[in-house]
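Undergrad: Below: one structure in structure tokens.
The values are calculated or read from the model by the stated rules, or taken from the named source; none is laboratory data. Quick caveat, the model's predicted, so the values are computed rather than measured. As a convention, Cβ positions derive from the backbone with ideal geometry for all residues, glycine included, and neighbour counts pool all protein chains shown. These area figures cover heavy atoms from the full protein model, side chains too; ligands, DNA and RNA do not enter into them. Shrake-Rupley method; radii C 1.70, N 1.55, O 1.52, S 1.80 Å.
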Amino acid sequence: MNIIIVGCGKIGSTILESLVEEGHNVVGIDNDEKVIAEITNIYDVMGVCGSGADCEMLSEAGVENAEMFIAVTSSDELNMLSCFIARRMGAKHTIARIRNPEYNMDNLGFLRQQLDLSMAINPESLAAMEMFNILKLPSAVKIQTFSQRNFEIIEIILKEGSALAGMKLMDLRNKFKAKFLICAVQRGGKVHIPFGSFTLMEGDKIGLTASPAEIQKLMRSLGVEKKQAKSVMILGGSRIAYYLAKMLTLSGNGVKIVEKDHEKCEELSESLPKAVIIEGDGAQQELLLEEGLNSLDAFVSLTGMDEENILISIFASTQNVPTVISKVNRKELSSMAARLGLDCIISPKKIVSDVLVRYARALENSRGSNVETLYNIMDGQAEVLEFNVRADFKQVNIPLRDLTLKPDILIAGILRDRKAIIPIGDDMIMRNDRVIVVVTSDRRLNDLSDIIK
């Protein structure tokens, strides 16, 4: 597809990289010459230096032929104006980054309708939602849901002494009563799509699929079930902190926010009356301890500096806080943080990039692709795709054991009449099913039939 991205900063460049990897024709627009020079040197894209609200610039970028137009500058207003102009000039689908909470309350639906926006994305709200889901199931380091939450894939890390370590996958169902499937294993920087003879080891990051009820049952069987976080401390009074605190307080959780800027503290105190706002420097360990860090259920580090988030999160882990979440945007620092023992790392720019890749795949759906939902897992080294079984799929009513799949592909679940089926060899794919497939990221699937050798 022909795609234009306005604003090629942290968020924009991450989106651009992902869409180029998907094989799309991408044009980047930014008013900083250095940014344009950088993206055109690194990626096979066209760059235009100028404003995304300049009709001449948009015309030079080929807006009349753009199937997706994405505006992700730091200004909500410029993003909305750029999308409005692009739509009038012929862009088929327009997506604006809108971050301000004032726009994201009661006005967003009205704005989308009046500006004819296809989608409004809010990186901070999306990141907060991912963190909120993890705080509800703290044993996981990542959670993705399918089909109105009837089916989930979660990532967990096998700690020292884990009941799963040393076991072959074929033996799991006999030992644990929960219906689940381990569909991906990350070990030593490499992702495996495992089969029955694969043996799990301590330190593995595993992806497993099941219904939400079965996941809870498995966590209890493994003895790793952590209670939902009731008391949460958030470091940094950012927009993400605001959205996360709002979700938590509405769910009855106790929330403390530590922020050193006086004006931000006053704003947060007014907008979050149920949260406790503490004015102070969260980098001072004494302050965190005075505020009860070692008696909390969860600690979330959301300052504007990745390095600070990593270091303070490590300190929180040494105080035996059960769940520690860190916001880290830089890819190289994310991998370093994982090596230092931080399990749960959230990257807002990566979350937005994944959302837009899914949207692009959905648009391709109408042009032959059959992907309903797509998620990246295992630090982007594997994908989980949800397909509708269409009338032209020939391998229906055949036991899965009789299907010959291509390498590094696994059928991880079948959704039938709102029922989640964790498949075994006797199960079959039927018409109107939804099928969940896990594949390593170097393979591109557009249709369910692509899994068959």
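Undergrad: Nearest 5 percent is fine: what portion of the DSSP beta bridges confined to the chain is antiparallel?
TA: Expressed as a percentage, antiparallel bridges in the chain total about 55.
Undergrad: Average the reciprocal distances over every distinct pair of alpha-carbons in the chain, invert the result, and give the Kirkwood radius in Å.
TA: For the chain, the Kirkwood estimate is 23.4 Å.
Undergrad: Now for a different question. Calculate log10 I(q)/I(0) of the stretch 150-234 for q = 0.14, 0.16, 0.19, 0.23 Å⁻¹, where I(q) comes from the Debye formula with a single equal point scatterer on each Cα and nothing for solvent.
TA: For the stretch 150-234 at q = 0.14, 0.16, 0.19, 0.23 Å⁻¹, log10 I(q)/I(0) is -0.48, -0.63, -0.87, -1.22.
Undergrad: Treating the stretch 109-266 as a set of equal point scatterers at the Cα positions, no solvent, please give the Debye-formula log₁₀ I(q)/I(0) at q = 0.16, 0.19 Å⁻¹.
TA: -0.98, -1.18
Undergrad: Taking Cα pairs under 8 Å and at least six residues apart, what relative contact order does the chain come out at, in percent?
TA: 12 percent
Undergrad: Can I get the semi-axes of the stretch 390-453's equivalent ellipsoid? Compute them from the C-alpha gyration tensor as square roots of 5 times the eigenvalues, in angstrom, largest first.
TA: Equivalent ellipsoid semi-axes, largest first: 18, 13, 12 Å.
Undergrad: Sticking with this one: What FRET efficiency, computed as 1/(1 + (r/R0)^6) with R0 = 25 Å and r the Cβ-Cβ distance, is obtained for ARG173 and GLN381, rounded to the nearest 0.05?
TA: 0.45
Undergrad: With the full set of protein chains in place, find how many percent of the accessible area of the stretch 192-281 is carbon and sulfur; take the probe as 1.4 Å.
TA: Of all accessible area on the stretch 192-281, carbon and sulfur atoms account for 50 percent.
Undergrad: For the stretch 312-398, taking Cα atoms only, what is the radius of gyration to one decimal and the Dmax to the nearest whole Å?
TA: Cα-based Rg and Dmax for the stretch 312-398 come out at 18.4, 57 Å.
Undergrad: Need one value: the accessible area of HIS262 in square angstrom, 1.4 angstrom probe, rounded to the nearest 10.
TA: 100 Å²
Undergrad: Over the stretch 292-380, with every protein chain in place, what whole percent of the accessible area is carbon and sulfur at 1.4 Å, could you tell me?
TA: Reported share for carbon and sulfur atoms: 53 percent.
Undergrad: Further question on the same structure: Beyond 25 Å, what percent of the Cα pairs of the stretch 1-143 remain?
TA: Roughly 30 percent, rounded to a whole number.
Undergrad: Within 10 Å of each candidate Cβ there may be at most 13 other Cβ atoms; applying that plus a DSSP loop requirement, which GluC sites (Glu not before Pro) in the stretch 186-262 survive?
TA: GLU202
Undergrad: Could you go through the stretch 81-91 in sequence order and give the Karplus-derived ³J(HN,Hα) for each residue, using 6.51 cos²θ - 1.76 cosθ + 1.60 with θ = phi - 60°, rounded to whole Hz, and x for Gly and Pro?
TA: 5, 4, 5, 4, 5, 4, 5, 5, 8, x, 4
Undergrad: How much of the accessible area of the stretch 385-453, probe 1.4 Å, is carbon plus sulfur, in whole percent?
TA: 44 percent
Undergrad: Could you give the nm distance between label points at CYS49 and GLU332, where each point is 7 Å from its Cα heading toward the beta carbon?
TA: 2.5 nm
Undergrad: Here is a further query. Rolling a 1.4 Å sphere over the protein heavy atoms, what is the accessible area per residue of the stretch 186-339, to the nearest Å²?
TA: With the other protein chains kept in place, the stretch 186-339 gives 47 Å² per residue.
Undergrad: About the Cα centre of the stretch 233-392, what is the dipole size in debye to 20, counting +1 per Lys and Arg Cβ and -1 per Asp and Glu Cβ, all else neutral?
TA: 620 debye
Undergrad: Stokes-Einstein D for the stretch 296-354 at 10 °C, 1.306 mPa s, Kirkwood Rh over Cα pairs, in µm²/s?
TA: 140 µm²/s
Undergrad: Taking the Cα centroid of the stretch 113-164 and of the stretch 55-91, what is the distance between the two, rounded to the nearest whole Å?
TA: Going from one Cα centre to the other spans 30 Å.
Undergrad: Something else now. Write down the accessible area per residue of the stretch 58-160 in Å², having rolled a 1.4 Å probe over the full set of protein chains.
TA: Heavy-atom accessible area per residue stands at 40 Å².
Undergrad: Give me the percent of Cα-Cα pairs in the stretch 64-112 that sit more than 14 Å apart, rounded to a whole number.
TA: Summing the P(r) of the stretch 64-112 above 14 Å gives 49 percent of all pairs.
Undergrad: What FRET efficiency do you get for GLN114 and MET428 if R0 is 60 Å and r is their Cβ-Cβ distance, rounded to the nearest 0.05?
TA: Efficiency for this residue pair is about 0.80.
Undergrad: What percentages make up the Cα-Cα pair-distance distribution of the stretch 266-378 when the bins are 5 Å wide from 0?
TA: 2, 10, 17, 16, 16, 13, 9, 8, 5, 3, 2, 0
Undergrad: Please state, rounded to one decimal and in Å, the Kirkwood hydrodynamic radius that the stretch 1-76 gives when every pair of distinct Cα atoms enters the mean of 1/r.
TA: Result for the stretch 1-76 stands at 11.9 Å.
Undergrad: Please report the Cα spread of the stretch 318-453 along all three principal axes, rounded to whole Å, starting with the longest.
TA: If we take the Cα atoms of the stretch 318-453, the spans are 54, 33, 29 Å.
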